[in-house]
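Contents: one structure, followed by commentary.
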Amino acid sequence: MFAQKPPKIKEAIADFLRGIDNKSEKEILANVRHLTKSETPERSVNRTLNELYNKGMLEKLYLKDGTFFSWETLKPEDKYKRFPRYYKLVSEQYRKQVSTTLYCGTNTTGNMDSNPNYLNDTTRYRGADQSPRKTPSDVKAWTFDTILNVNVDRKEELARYLFDQLVRHQPDCFEWQVSGDRMSSTKWPEFLMAVRNFMERLGYDHLQPMQNVEPSKMYPKIHWSIRGVEQ
């Protein structure tokens, strides 16, 4: 039997702080210092705490006269003093999302019914004719990931899923051209090329902290929506 590999310091810090309001930097150091091979474990752990704090995974607090304060709420004259530092786990999950705007569907009568300027016998108001027009739709796909996987890139996986769902359920979204072929091509490698082109149009947000996400909604479950309606 091989000995179990000890957890990484980041994982150990998250495990130690889980379910606890605040823990001092000294307490955290005492709990995880055996995991680092650094000759200066204090600096190593401090550096890791700052990294997690900068990523929004930890909240940093200062203890003054028995009361906790954030750096932003400390008085100006106190910001040059040294106070014991405490940390709190902010998030257990992160929402990772890809999104863009596509033109999907049509309005078969234009906007003549809702435009008071429309006149039957004139072409003066081009914005109020009866021609079909497409409407912009916000499309997105997202998943919820654990705090330990916050740095795992899910963009391509989300993009492929969103692409596939749109091809299946909203093929009119893909009337724009890619290399002379419709985006709805499902042949390989045309499909891969289409997805890569699709990915370039997608924004990716992977640092949306969440709390108390139901296990059934977590990765590898992927959600998607069009025009704000979840599918």
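The values are calculated or read from the model by the stated rules, or taken from the named source; none is laboratory data. Keep in mind that what you see is a predicted model, and the values were worked out from it rather than measured. Neighbour counts are summed over all protein chains in view; Cβ atoms, including those assigned to glycine, are modelled from backbone coordinates with ideal geometry.
A few remarks follow.
- Residues that are closer than 27 Å to E59 by Cα, modelled with pLDDT of 75 or more and not assigned by TED's automatic domain parsing to the domain that holds G19 do not occur anywhere in the stretch 189-201.
- Remark: K60 falls outside the filter, which requires a residue to be surrounded by 13 or more Cβ atoms within 10 Å (Cβ to Cβ), over 22 Å from H206 (Cα atoms) and of a type in the set (K, R).
- Of the strands (runs of 3 or more DSSP E) lying entirely inside the stretch 33-107, those carrying at least 1 residues that are of a type in the set (G, A, S) and out of contact with any helix residue (DSSP H, G or I) (no Cβ under 6 Å at 6 or more places or on another chain) are 93-107.
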